[in-house]
Amino acid sequence: MSYYWPIALIVASNLFYHICSKQTPAEIHPLASLTVTYLVGAVVSAVLYFAMERGGSLLREYRQLNWTAFVLGIAVVGLEAGSIYMYKAGWNVNTGQIFYSSILAGALLVVGRLLYHEAITPTKVLGMAVCLAGLVLINKS
């Protein structure tokens, strides 16, 4: 179960993520909305940290930070703002995510190879071909 619960959490969270991104009021600037999102996220993260780490110290944890937490913060803003803008531009909830995820899968295949020396197997290449075929089919509808 410890292997699969993170996937279930990601799927459930992504469902809510895309529903909320699509339902963000047109009248509000996406970045203004995200300021509330991040305030809520910071509070929830702190509450969960203290609930899971009885007697823990965030300040002690912060001393172990490196550049990744800061760059991840920038990346998350890009992801969330991009999703809101994508839906404001008229993308459907059932195609926008599939479209960018297929492109992302190809980019991660290259990143995995270049940065982490992960193998690019014939099965992975075939999978990317299926993704590309899916993009063609999605754009025809």
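Shown here for the stretch 8-83: GluC sites (Glu not before Pro) in loop regions (DSSP other than H, G, I, E, B) with at most 12 other Cβ atoms within 10 Å, namely 27, 53.
Would you mind putting 96-102, 16-22 in packing order, based on average other-beta-carbon counts within 10 Å, highest first? Don't skip to the answer; put the middle values down first.
Working: 96-102: 16.6, 16-22: 15.0.
In descending order of packing, they fall as 96-102, 16-22.
Here's the list of lysines a cross-link from residue 22 could span, going by alpha-carbon distance under 26 Å and ignoring same-chain residues fewer than 8 apart: 88, 140. Each of 92, 68, 102 was scored by the projection of its Cα onto the charge dipole of the stretch 54-141, and the greatest displacement toward the positive side belongs to 68; charges sit on the C-beta of Lys, Arg, Asp and Glu.
Principal-axis analysis of the Cα atoms of the chain puts helix 30-52 at an angle of about 60° to the longest axis. For Cα extents along the principal axes in Å, one of [x] 42, 35, 35; [y] 44, 37, 26; [z] 53, 45, 31 was computed from the structure I shared and the rest are decoys. Which label? It is the value labelled [z]. Which residue, 37, 120, 8, has the largest displacement toward the positive end of the dipole of the chain when charges sit on each Cβ (Lys, Arg +1; Asp, Glu -1)? Comparing the listed Cα positions along the dipole, 120 ranks first. If you take the beta carbon distance between residue 20 and residue 72 as r and set R0 to 22 Å, what does 1/(1 + (r/R0)^6) give as a FRET efficiency, to the nearest 0.05? In this case the efficiency is close to 0.65.
Taken together, the values in this text are just the output of simple stated rules run on the coordinates, not laboratory data. For clarity, every value in this text was computed on a predicted model and none was experimentally measured. In this analysis, Cβ positions are derived from the backbone assuming ideal geometry, glycine residues included, and neighbour counts consider all displayed protein chains.
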